[in-house]
1. Under a plain spin-label model, where a point goes 7 Å from the Cα along Cα-to-Cβ, how far apart in nm are Leu50 and Arg30?
2. Starting at the first residue of segment 20-31, write each ³J(HN,Hα) from the Karplus equation 6.51 cos²θ - 1.76 cosθ + 1.60 with θ = phi - 60°, in whole Hz, x for Gly and Pro.
3. Pull up all non-local amide H partners of Leu50: gap of 5 or more, or a different chain, and H-to-H distance under 5 Å with H placed in the peptide plane.
4. Residues with amide H under 5 Å of Ala73's amide H, sequence separation 5 or more or different chain, H placed in the peptide plane at 1.01 Å from N; which?
5. Whole-Hz ³J(HN,Hα) for each residue in segment 64-69, computed from phi via Karplus 6.51 cos²θ - 1.76 cosθ + 1.60 with θ = phi - 60°, x for glycine and proline: what do you get?
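Coordinate-derived values only; no laboratory data. Remember, predicted model here, so these are calculated numbers, not experimental data. Every residue, glycine among them, receives a Cβ derived from its backbone with ideal geometry; neighbour counts consider all protein chains shown.
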Amino acid sequence: MAAERGRRQPAQVDAAYLAYGDRVKVLPYRAPHSGEEGTVRRVQLDGGDLLVTVEFSGGTRENYWEAELKRTAVAPKPHTHQAKW
């Protein structure tokens, strides 16, 4: 989809990097919380790969490599107030 001038484009769920607040699903079937959805709480670079901390319902947190996760929803961007002069 080409971007049109003056029109907002929908968030791209398959964008390159995961970010804080994104909703993700755990892919490996033998991993803890396999098939469950959680929220990204931390993303850090570890030896050239992204290590992602995901928080699940109940407050439990687990670390996964970025390749082990699939984004299901993009975190909403904070609202910025524009001054009206």
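1. 2.5
2. 3, x, 5, 8, 9, 10, 7, 8, x, 6, 9, 6
3. Glu66
4. Residues meeting the amide H criterion: Arg23.
5. Each residue's phi maps through the Karplus curve to give 9, 6, 4, 5, 8, 10 Hz.
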